[in-house]
């Protein structure tokens, strides 16, 4: 990655926090974005080159302002991680409409807001990297996960189209689609509904996801499927959807 700053949403915990710390240790200036002030303080602890921004990614104007301030304070943004997300789960009939809207506003709308704010700058400089976090759930629908699935399906479609609209440039775009990862995001599922299919495979480590991203960027790949069997699960959904649903219903018991 070229010299410059890194812009990371969801940097107060989980994948975003780990990415921020890793890159700060490597000497990069990091703009850490989150609404979790406590988490941001933990992220920046012992790292003078991490600057925190208490910003809600659903607020388009606030995101624009954060991008401008980050570039003024830390230098041109060279890499962006769109990692902010929430994951409350439950049956559709048991989930209120406000929850569906909030999940979509953060998981998808946040990606749109940040992408819209930074892509003109990256394209003008004809360099840089945009990393949007989708999920294997952006390809494979699962019971209890309608809100989360819909938001991640949207991220997959948005990022794929953005990639093809800008493919003539030297800006690299990656859409990350991991299976369940051992981060605090899973605690939101535990606090609502825990799909039994989550117990069918080992949850991968956050660092494995970040390593897979670096490999994909170096290879110029759009989609990143970290973890053993992840890419095959995506293919099985496309080729044998009925088989997948049969397994899901059997596992969940209805």
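Annotations
- Taking (1) more than 13 Å from the chain's Cα centre (by Cα); (2) over 26 Å from residue 239 (Cα atoms); (3) buried (at least 22 other Cβ atoms within 10 Å of the Cβ) in turn, residue 107 satisfies each apart from (1).
- Leading residue by the ranking (surrounded by the fewest Cβ atoms within 10 Å (Cβ to Cβ)) among those in segment 206-228 that are in contact (Cβ under 8 Å) with a residue 40 or more places away in the chain and not in a helix (DSSP H, G or I): 220
- Lone unmet requirement of (1) under 16 Å from the mean Cα position of the chain (by Cα); (2) in contact (Cβ under 8 Å) with a residue 24 or more places away in the chain for residue 60: (1)
- Among residues of segment 239-254 that are more than 14 Å from residue 143 (Cβ to Cβ), those with a beta-carbon under 8 Å from a residue that is part of a helix (DSSP H, G or I) at least six positions away or on a different chain give the pairs 243/236.
- Within segment 186-202, the set of residues being modelled with pLDDT of 95 or more and part of a loop (DSSP other than H, G, I, E, B) comprises 192, 193, 194, 195.
- Breaking point among (1) assigned to a helix (DSSP H, G or I); (2) within 19 Å of residue 9 (Cα to Cα), for residue 183: (1)
- Taking the criterion of being surrounded by fewer than 19 Cβ atoms within 10 Å (Cβ to Cβ) and under 20 Å from residue 133 (Cα atoms), the residues of segment 59-98 that qualify are 59, 60, 64, 86, 88.
- Segment 169-179, subset assigned to a loop (DSSP other than H, G, I, E, B) and surrounded by 19 or more Cβ atoms within 10 Å (Cβ to Cβ), residue farthest from the chain's Cα centre (by Cα): 171
- If you go through segment 10-47 and keep only what is modelled with pLDDT of 95 or more, more than 16 Å from residue 114 (Cβ to Cβ) and not in a helix (DSSP H, G or I), you end up with 13, 26, 27, 28, 29, 36, 45, 47.
For (1) crowded, with 16+ Cβ neighbours inside 10 Å; (2) touching a residue at least 40 places away in the same chain (Cβ under 8 Å), each residue gets a yes or a no:
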| residue | (1), (2) |
| --- | --- |
| 6 | yes, yes |
| 14 | yes, yes |
| 30 | yes, yes |
| 35 | yes, no |
| 41 | no, no |
| 51 | yes, no |
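The values are calculated or read from the model by the stated rules, or taken from the named source; none is laboratory data. Keep in mind that what you see is a predicted model, and the values were worked out from it rather than measured. Ideal geometry is used to build each Cβ from the backbone, glycine not excepted, and the neighbour counts take in all protein chains shown.
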